[in-house]
Amino acid sequence: MSKRVLKTSLALAIAATSTHSLASGFAINEQSVSSMGTAFAGRSSSAEDATTVFGNPAGMSRLKREQVSGGFAVIHAKTDIDDASSAVGPFSAGGSNDGDMVPLVAAPMGYYVKPLDDNWTFGLGMYVPFGLITDYERGFEGRYYGDRSEVRVITLQPTLSYRFNDHLSIGFGPTINRIDGELSSATLNPATPTTNDGQVKIRGNDTALGYNIGFLFEVTPQTRFGLTYHSMVDYKLEGDTLIRGSGFGPFDGNEYDASLKLKTPESVDMSITHELNDRWTVYAGSTWTRWSRLEEIRVVNEGVPAPLAGNFGNIVEEQNWHDTWAHAVGASYKLNKQWTLRAGLAVDQSPVNNVDRSPRIPTGDRKILSLGAGWSPNDDMTIDVAYSYLREEEVDIDHVSASRGAYRSSYKNSAHGLGAQVTYRF
């Protein structure tokens, strides 16, 4: 048994989430459909409904009525894989390159806000900040570098905000974060390479704490600036690794205790909202994310038999991600008392470098166009809908490994996002 088995199964565990969310890396942007309509420009400064619990907890101070907001965003991704080739020693690895490895997925969200007095406001949010799925077809040509991956993070955030005066508010909330993951990869059978693959599967989970803090500066009644900090969250996933069908004799089919430390990155979101008049509002924002925390994936295995301990101690795979910036501009137009129309454009850098890009994370820099609308049939209810189209630059994968062979291809990624949200005020 060789070191490649666990590297194939556990490496890139957090990066194994879908590359087609509407944010870079494995982050998910869809915590607010009303913000989705402007491509999330103004997310930390608009404070239009209870979704500001995530966007900027200080914005709760602007909400004068008790309210709930809930909804979901559905993402449909498409990938074309071209110019693919592979090799395992003197042989081709063989297989297909269908692409479209991301199934239809939905990201839910729910929020509650209650003003306590003229200064204090309480809020509670539940949302999905990271996750999604990649699931290649059976016999995918790049299967030794990635097969199926599912990682989910669900966050619960109780929050308080305080309004100092007409210009300054602050909000703070701890986050309780639950991560679950299941990953599988094909492995080379040394007896029959390329014709009788084995499989390695890992499952793990953890719960960890973080926090969000935000500031809202209302420069004038028409202009406000928001700043939000989402903290890093430090996880240690505990689970097991199953190895089967890999030609490893008495150790085949065994499970081993496994642990993986990872940190989801902190981010800073800053934006400005300006009401030009009674109908037009414009938004602009930027988000910095510290993806450089993902320098490597380090796996620790326990309970491995002594003859294999040298290969199954600390397993390390370099990632070398870099920090990213995302920028967005948007506008809304109040057509009448019932209808508000929205539009936005965003650009988002990929944290993945060209050398380390793999089939699990074949992502590049992206552009996003969004359209949205809000309908308020009365003063108590608002229904928001939004549509986003994402297109990435074409990127190449070029990997060669003594244990996993070679795989080269080009990826063209795009995605459609559709969201719906209801806000009810008491």
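Any chance the range 375-395 includes a residue that's farther than 30 Å from Lys337 by Cβ, part of a strand (DSSP E or B) and over 22 Å from the mean Cα position of the chain (by Cα)? Show your work before the answer.
Pass one, the range 375-395, residues farther than 30 Å from Lys337 by Cβ: 390-395.
So of that shortlist, the ones also part of a strand (DSSP E or B) come out as 390-392, 395.
Remaining after also requiring over 22 Å from the mean Cα position of the chain (by Cα): none.
Within the range 375-395, not a single residue is farther than 30 Å from Lys337 by Cβ, part of a strand (DSSP E or B) and over 22 Å from the mean Cα position of the chain (by Cα).
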The residue that is nearest to the chain's Cα centre (by Cα), considering only those in the range 113-127 that are within 18 Å of Tyr162 (Cβ to Cβ) and crowded, with 18+ Cβ neighbours inside 10 Å, is Gly125
Looking across the range 298-336 at residues that are of a type in the set (D, E, K, R) and loosely packed, with under 14 Cβ neighbours inside 10 Å, the single one that is modelled with the highest pLDDT is Glu302
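Say whether the condition of being of a type in the set (Lys, Arg), farther than 26 Å from Val347 by Cβ and buried (at least 24 other Cβ atoms within 10 Å of the Cβ) is met by at least one residue in the range 138-148. Even if it seems obvious, please write down each step before you answer.
Of all residues in the range 138-148, those of a type in the set (Lys, Arg) come to 138, 143, 148.
Among the residues that remain, those that are also farther than 26 Å from Val347 by Cβ are: 138, 143, 148.
After this cut, where a residue has to be buried (at least 24 other Cβ atoms within 10 Å of the Cβ) as well, the list is 143.
Yes: one or more hits.
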Condition set surrounded by fewer than 15 Cβ atoms within 10 Å (Cβ to Cβ) and among the acidic types (Asp, Glu), scope the range 375-422, selection farthest from Gln31 (Cα to Cα): answer is Asp398
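Within the range 255-270, which residues are modelled with pLDDT under 80 and surrounded by 16 or more Cβ atoms within 10 Å (Cβ to Cβ)?
Tyr256
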Expected output for the range 235-256 (first residue within 22 Å of Leu294 (Cα to Cα), partner at pLDDT 65 or above and surrounded by fewer than 16 Cβ atoms within 10 Å (Cβ to Cβ), Cβ below 6 Å, 6+ apart or cross-chain) is Lys236/Lys261
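What about Tyr424, is it among the hydroxyl-bearing types (Ser, Thr, Tyr), at pLDDT 90 or above and within 21 Å of the chain's Cα centre (by Cα)? Explain how you work it out, then say what you get.
Values: among the hydroxyl-bearing types (Ser, Thr, Tyr): yes; at pLDDT 90 or above: yes; within 21 Å of the chain's Cα centre (by Cα): no.
Judged against the criteria, Tyr424 is not a match.
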ask   = closer than 30 Å to Trp280 by Cβ, more than 22 Å from the chain's Cα centre (by Cα), assigned to a strand (DSSP E or B) and modelled with pLDDT of 80 or more - does that describe any residue in the range 227-238?
value = no
Selection over the range 16-40 where residues are assigned to a loop (DSSP other than H, G, I, E, B), at pLDDT 85 or above and more than 8 Å from the chain's Cα centre (by Cα) yields a count of 7
Listed by first then second residue, the pairs whose first member lies in the range 361-374 and is over 24 Å from Ile133 (Cβ atoms), whose partner is of a type in the set (Asp, Glu), with beta carbons under 8 Å and at least 6 positions apart or on separate chains, are Gly372/Asp384; Ala373/Asp384; Gly374/Asp384
For the range 157-174, pairs from a residue that is acidic (Asp, Glu) to a residue that is part of a strand (DSSP E or B), with Cβ under 7 Å and 6 or more apart or across chains, are Asp166/Glu218
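The values are calculated or read from the model by the stated rules, or taken from the named source; none is laboratory data. Computed from a predicted structure; not experimentally measured. FYI the Cβ positions are ideal-geometry reconstructions off the backbone, even for glycines, and counts take in every protein chain you see.
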